[in-house]
Amino acid sequence: MLLGVVAVALGGLATAQESQPQQIVVPLTRPDKPGRLILERHQGSISVKGYEGTVVLIKAFLRRSTGTAPSDRDAEGLKPVSSAAIQLDAHEVDNVVTVDAHSRNKSIDLDISVPARFALKLGVLDDGDVIVDGLTGDVEVNNPYGRVRLDRLTGSANVNTVDGDISVRFLGVDTGVPLAFTSVHGKIDVSFLPRR
């Protein structure tokens, strides 16, 4: 009986550890200047929010699996090796931050805070949506199968998707700023809000 309780407790601990986010703080070479975040070929959702800080804050969450592993009498007594570890890397050179996040067989959802004067180049391969809020820099997003929502932007935007919807709200854009939105099977909604 005691062995069963320990096994259940250890199983709960492993699940709790998998759900803990990994975090990276990336200082900038020139925090008083605009920057750029590059994140391409990502598997999972990306949320980027502009704030009045001087570093890039990245949190990576392993998405919980929804299925259960099949039982096999021949495998009795064997313990699964966790393939759920997150490999999260970020490199900064002259205010350009390049992020790479991987996990074997699972999607990773990223929550990123950047200084508001940042530009973005984001690319999702599969299994995620992109949300961007409160940036003044140029935003480029490629997300073939998911939704894209951009809020409170003042820079240019170039968004491409195949099956996802695109929703964009600008706080104001200067004339002559390039804007491009493409969705083959999704809806596109673009609005311009008055500046306060």
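A few comments on the model shown:
- Counting Cα-Cα pairs of segment 83-196 in 5 Å increments starting at 0 gives whole-percent bin shares of 3, 10, 21, 21, 19, 14, 8, 3, 1, 0.
- Highest average packing first - 123-134, 23-34, Cβ atoms within 10 Å: 123-134, 23-34
- For Val190, nonlocal amide neighbours, meaning residues 5 or more places apart or on other chains whose placed amide H falls under 5 Å from its own, are Val168.
Read-outs: derived from the displayed coordinates by stated rules, not from any lab. All figures in this text were calculated on a predicted structure; none of them were measured in a lab. Counting neighbours? That spans all protein chains shown, and the Cβs are built from the backbone with ideal geometry, glycine included.
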